[in-house]
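The values are calculated or read from the model by the stated rules, or taken from the named source; none is laboratory data. All values reported here derive from a predicted model rather than from experimental measurement. Keep in mind that these areas ignore ligands, DNA and RNA; they rest on the heavy atoms of the full protein, side chains included. Shrake-Rupley method; radii C 1.70, N 1.55, O 1.52, S 1.80 Å.
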Amino acid sequence: MINFKKLAAAYKTPLYIYDLDYMTKQYEELKEAFKGRKSIMAFAIKSNSNLSIISHFANLGSGADCVSIGEVRRAFLAGIPSYKIIFSGVGKSDDEIREAIEKDILYINVESEAELGRVELIAKELKAKCRISVRVNPNIDPLTHPYISTGLHDNKFGVEIEAAKRMYIRANNSEHLDPVGIHFHIGSQLTELKPIYESAEIVADLVRSLASIKIELKFFDIGGGLGVRYKDEVTIKPYDYAQAILGTLKGLDLTVICEPGRFLTANGGYFLTKVLYEKQNGAKRFVVVDGAMNDLLRPSLYKAYHKIEAITESKTEESEADVVGPVCESGDFFAKNYPLPILEHNDLLVIHSAGAYGFGMGSNYNTRGRSAEVAIKGDEVKLIRRREEFEDLIALEKEFLEN
Ligand code: LLP
């Protein structure tokens, strides 16, 4: 049991708290599910990019799925070996491509024919041969929130099958490209197995048809996307997920790469915030807290549900309230019409499932410093990022101030 009161007293609020033992358990369960094959779990750094969190997964043997050169640098700093680092994303700049080639990562995941051209050119300049995979868009509806759906032709990600084929043929004929992998990722917070399975079939068929023209790939990258329980979702079991995918790979000698983010981190994270005030506007009850949308954006951006637990002596009956932050936006809320007892100044609210896409999507809007982050392992609590102070926020502007 995490002692939230003690943590609030020691580190102040708002505060992100991560349970590393939970994250280990999730990692091992997923890795174990793929045990019949060679596999690499490449942690999707975007879900939680704190260096200590990445380093925790590095120690478990994880690789890294990165979507910017900044994330690639984080992966290196945290001790992920180069041969387990993948670089994806629809819009990589020349500088990013150059650095990824120089760093000799496992492969660059190419997302368009135009990008393949850039990668080839830059590899040529560097007199290198760049390992690549192609991100295939299988045009399958992942049945998730439209903002986190990526596997339809309407979405900007990846290329269609015919384009992918052309890209592999071109890469295979190039002195500077080495096609080693194939990738798909159809969306995030997936709770239905069928679209995943159907996509894997389509992509595995492409691998077979490439093999028939002597283009032999080594890596089958299934992306991330495994959903978790925020409220009452029925989630896919890692075993069933792995079985469904492995079933499509019969007769193929491929290393499976999985890019889990949320599955590893979401429910291992808590956002701790303090009650400032209760207020009533007509019939509407508000609980105003010291955390805000700049700390945890998911409720504002996706209307995402996060369970809220009140730590209070209050014995009053629960009634519905909107839990809101101090930011000057009506969209600044953690929950609407959430049943809570009457709360006192300094009572604590624990916002659950905040370990993925929490801190990382934060900002300094309203000149609010981002919160501190702590990690718990066994009985040990460690600060892994200090709270941002006002001086941090103005550091890059101050020297330009004329007066
Ligand atoms: N691989 C690729 C290529 C991805 O685009 C993503 C997530 C992942 C792996 C990891 O997906 P996960 O296992 O975490 O579902 N901010 C949104 C989620 C955006 C996901 C973007 N891509 C949210 O808060 O729900």
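For residue 43, nonlocal amide neighbours, meaning residues 5 or more places apart or on other chains whose placed amide H falls under 5 Å from its own, are 63, 64, 65. Computed on protein heavy atoms with a 1.4 Å probe, the accessible areas place 345, 56 in the order 345, 56, largest first. For residue 276, the accessible area of its heavy atoms, probed at 1.4 Å with every protein chain present, is near 40 square angstrom.
Going down the table (46/303; 38/231; 274/315), which pairs top 22 Å between alpha carbons? Over 22 Å apart, Cα to Cα: 38/231. Reported value for the chain: 161 Å³ per residue, from the convex hull of its C-alpha atoms. Reported to the nearest whole Å, the Cα centre-to-centre distance from the range 1-68 to the range 70-93 is 17.
The accessible-area ordering, largest first, of the residues 1, 361 stands as 1, 361, per a 1.4 angstrom probe.
Over all pairs of different C-alpha atoms, the range 241-364 has a mean inverse distance whose reciprocal, the Kirkwood radius, equals 16.3 Å. Leaving ligands, DNA and RNA out of it, work out the accessible area of residue 156 with a 1.4 Å probe and give it in Å² to the nearest 10. About 140 Å², rounded to the nearest 10.
What angle do you read, to the nearest 10 degrees and between 0 and 90, between the alpha-carbon axis of helix 20-33 and the longest principal axis of the chain? Orientation of helix 20-33: about 30 degrees from the principal axis. If you sort 332, 154 by accessible surface, 1.4 Å probe, largest first, the order is 154, 332.
Evaluated at 20 °C with a viscosity of 1.002 mPa s, what Stokes-Einstein diffusion coefficient in µm²/s does the range 34-260 have when Rh comes from the Kirkwood expression over alpha-carbon pairs?
Estimated via Stokes-Einstein, D reaches 122 µm²/s.
The helix-based estimate of mean residue ellipticity at 222 nm for the chain, built from -39,500 (n - 2.57) per DSSP H run of four or more residues and divided by its residue count, is -8500 deg cm²/dmol to the nearest 500. For the chain, the longest principal axis of the alpha carbon atoms and the long axis of helix 238-247 meet at an angle near 20°.
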